[in-house]
1. For the stretch 141-164, what are the residues that are aromatic (Phe, Trp, Tyr) and either more than 30 Å from Thr243 (Cβ to Cβ) or without any contact (Cβ under 8 Å) to a residue 60 or more places away in the chain (or both)?
2. Hey, does the stretch 133-140 have a residue that's small (Gly, Ala, Ser), closer than 30 Å to Gln241 by Cα and in the same structural domain as Phe28 (by TED's automatic domain parsing)?
3. Look through the stretch 128-150, keep the residues that are touching a strand residue (DSSP E or B) at 6+ places or on another chain (Cβ under 7 Å) and not aromatic (Phe, Trp, Tyr), and return whichever of them is modelled with the lowest pLDDT.
4. Restricting the stretch 64-85 to residues that are touching a residue at least 60 places away in the same chain (Cβ under 8 Å) and touching a helix residue (DSSP H, G or I) at 6+ places or on another chain (Cβ under 6 Å), which is nearest to Leu30 (Cα to Cα)?
5. Name every residue in the stretch 119-159 that is under 30 Å from Ala206 (Cα atoms) and either of a type in the set (A, V, I, L, M, F, W, C) or touching an Asp or Glu at 6+ places or on another chain (Cβ under 6 Å) (or both), in order of residue number.
Amino acid sequence: MRNNMKNMDAAGKLFMALDRPFADLVDFFLKDEGYKVVRESIREMNPETIGRPPNGRYRKTVHDIVKEMDIRKRHGKPRHLTVALENQSYVSRVMPGRELMSSALHWDHWRRGVRSEHEKNGELETTEKWLDGVLPGDRMPPVLTLTPYFGQKPWKGANRFVADMTDCPPGLEKALADCPANVVSFRDMTAKQLSSFEVGPMRAVAKSIRYSRNRRLLRYEMRTDPSFHDMPAEAYEIINQATGMKLKPKQKEHNNMARDISSYDQYLLDMGERRGEKKGEKRGRKEGKLEGKLEGKLEGKLEGLAEGITAAIMRFIQSRRRRHFSETQIQEDLQLDFGLDEAKASQYMASSLTAKA
């Protein structure tokens, strides 16, 4: 059991170290406040340096992953935020206490840096100012601590320090230092919460953990949710660790239409080819010449094949729209899977808007 948890912890760190899953998790947590991460602003920090004591004799690892970024509302200005993750594969009864301690280390590290800067600039003229190290107007960037929980059991750990970890007399809650665990438990999510994740590998991992006990439903999600398509290798690893499955990244082969499209689409191609062949043969027979018969058969076969390809492409587009692919992604897939140039793919996309699904 210990080795399995260790493997899950390692997989979680590799996965959450990727900018996209990290940002998707923060977006999910902040969605009720209306904030979203400015993706290009993400900068990774070294978590070992945050709590280093002044004598430098040892390093204190505060969190698994720490990143700086800007967040903003739709029409607001960017605001700076530091986000620290502590990945959990088991239910912890002490998470709020750990977060409170690490938040204090974040604050102490920031205060020491500010005091050092003020000292260089000769701004700490009095003993009192030197002891504080912080001047009026100095503001520490906020640190949001998150605990993504990848375990299979329902989260029943402590959620707040004062309420869940102290024997607090009634009425003193506001006077005591408090800290939330900010647990994001994929195991306990509703279908609505899962769907509120951005389409991407973070949503795929969340659904895999939530539906790991219902393999039939999980396989359906894997077929229909584009989040499971083109996942990074780290996502496959954590899904395998969480569910016991043995998924492997698919090596997609492009320009092989017969392999990439569905069996029904292949049926459309074959039927179009045969229908065109019969029409061409009939047209050639009317001309009363063997040469005309063969030529008409070939022409009709090509015409029918073109009709079948068109039907398959239209079905391809409508299918991906129903699965909430973006228009840009659908057009790119058309170019890759059917060997079309950009102009032809655009023409099919425009035609499909007026065609019946």
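The values are calculated or read from the model by the stated rules, or taken from the named source; none is laboratory data. Since we're looking at a predicted model, the values are computed, not measured. Using ideal geometry, Cβ is built from the backbone for each residue, glycine included, and neighbour counts are taken over all protein chains shown.
1. Of the residues in the stretch 141-164, the ones aromatic (Phe, Trp, Tyr) are 149-150, 155, 161.
Across the stretch 141-164, the qualifying residue is only Phe161.
2. Filtering the stretch 133-140 down to residues small (Gly, Ala, Ser) leaves 133, 137.
Subset that is closer than 30 Å to Gln241 by Cα: none.
Checked the stretch 133-140: no residue is small (Gly, Ala, Ser), closer than 30 Å to Gln241 by Cα and in the same structural domain as Phe28 (by TED's automatic domain parsing).
3. Pro141
4. First, the residues of the stretch 64-85 that are touching a residue at least 60 places away in the same chain (Cβ under 8 Å): 68, 80-85.
Filter again for touching a helix residue (DSSP H, G or I) at 6+ places or on another chain (Cβ under 6 Å), leaving 83, 85.
On the way: Val83: 12, Leu85: 15 Å.
Among residues in the stretch 64-85 that are touching a residue at least 60 places away in the same chain (Cβ under 8 Å) and touching a helix residue (DSSP H, G or I) at 6+ places or on another chain (Cβ under 6 Å), the one nearest to Leu30 (Cα to Cα) is Val83.
5. Passing the criteria: Val143, Leu144, Thr145, Leu146, Thr147, Phe150, Pro154, Trp155, Ala158.
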